[in-house]
Amino acid sequence: MPDLFQLKIDLFRETDRSSIILMASILDNALATRIAGSVCFSPNNSEFDYIFRFEGPMGTFSSRMEIACIFGVIEDATYAQLNIIREMRNARAHSRHVLTFADPILSAVAKRLALSDGVTPFLESEMDRPEFIKLAFILEGLFVLKSIFDGRKAAREKIIKMIGERPLQREPLPEKSPKL
């Protein structure tokens, strides 16, 4: 399990597109690891690669999510959040247009993720600034990552403790420039 605080910093430094795609990739890999640890045998590297190959039964993010939920590896709420992140990843990875957390469509999906059943410390009224939306997305992604391995209750406690121990660094944001 990576250092969640460092991962938060690293993902926040990425472009919006990269942070979404990287978060989805991290969660996809976490699901594969968690599923592999839940089967009745310990797959070696070759077996792991075969089971989770792209054309295989657990080769896609969506198939891993479904298998993990059906067999109780993850909770329904974690599945729902993973599905939102998967949709965001697909929108970003397959779009020719630059989409950022400032775009209404992407920000609406990120808000749905963050304000549902997560750990985001922001009020809905604060979620109109792209920087807060991006940070909320990252925090929810970390919450989902921890939920995959430890369940939502333990994950919630860990992420809230992390936020409390190391407060969010809210640098003063520049005022919006007036329209000319």
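The values are calculated or read from the model by the stated rules, or taken from the named source; none is laboratory data. What you are looking at is a predicted structure, and each value in this text was computed from that prediction instead of being measured. Quick reminder, even Gly has a Cβ in these numbers, built from the backbone with ideal geometry, and neighbours come from all protein chains shown.
Annotations for the structure displayed:
- Residues of segment 38-57 that turn out to be without any contact (Cβ under 8 Å) to a residue 12 or more places away in the chain, of a type in the set (G, A, S) and touching a helix residue (DSSP H, G or I) at 6+ places or on another chain (Cβ under 9 Å), as a count: 2
Conditions tested, residue by residue: (1) part of a loop (DSSP other than H, G, I, E, B); (2) more than 20 Å from M88 (Cα to Cα).
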{"residue": "T33", "(1), (2)": "no, yes"}
{"residue": "V39", "(1), (2)": "yes, yes"}
{"residue": "S46", "(1), (2)": "no, yes"}
{"residue": "Y50", "(1), (2)": "no, yes"}
{"residue": "G56", "(1), (2)": "yes, yes"}
{"residue": "S63", "(1), (2)": "no, no"}
{"residue": "E66", "(1), (2)": "no, no"}
{"residue": "C69", "(1), (2)": "no, no"}
{"residue": "G72", "(1), (2)": "yes, yes"}
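- Residue, surrounded by the fewest Cβ atoms within 10 Å (Cβ to Cβ), within segment 75-87, restricted to residues that are hydrophobic (A, V, I, L, M, F, W, C) and over 10 Å from the mean Cα position of the chain (by Cα): A77
- Only one of G141, G164 that is modelled with pLDDT of 50 or more, within 20 Å of R112 (Cβ to Cβ) and either assigned to a helix (DSSP H, G or I) or out of contact with any Ser or Thr (no Cβ under 6 Å at 6 or more places or on another chain) (or both): G141
- The C-beta contact set for segment 129-147 (first residue on the phi > 0 side of the Ramachandran plot, second residue modelled with pLDDT under 90 and small (G, A, S), distance under 9 angstrom, 6+ apart or interchain) is empty.
- Under the condition of being β-branched (V, I, T) and surrounded by 16 or more Cβ atoms within 10 Å (Cβ to Cβ), the residues counted in segment 58-74 number 3.
- S147 vs. criteria in a helix (DSSP H, G or I) and modelled with pLDDT of 90 or more: yes
- Residue match in segment 36-57 (condition: crowded, with 17+ Cβ neighbours inside 10 Å and not aromatic (F, W, Y)): no
- On inspection, T60 does not qualify as touching a residue at least 60 places away in the same chain (Cβ under 8 Å) and either within 19 Å of E140 (Cβ to Cβ) or β-branched (V, I, T) (or both).
- Scanning segment 1-15 for residues that are closer than 17 Å to K158 by Cα and of a type in the set (A, V, I, L, M) turns up M1, L4, L7, I9.
- Members of segment 74-90 that are of a type in the set (A, V, I, L, M, F, W, C) and not in a helix (DSSP H, G or I): I74
- Of the residues making up segment 91-117, those that are touching an Asp or Glu at 6+ places or on another chain (Cβ under 7 Å) and either outside any loop (DSSP other than H, G, I, E, B) or under 22 Å from I159 (Cβ atoms) (or both) are F101, V109, L113, A114, L115.
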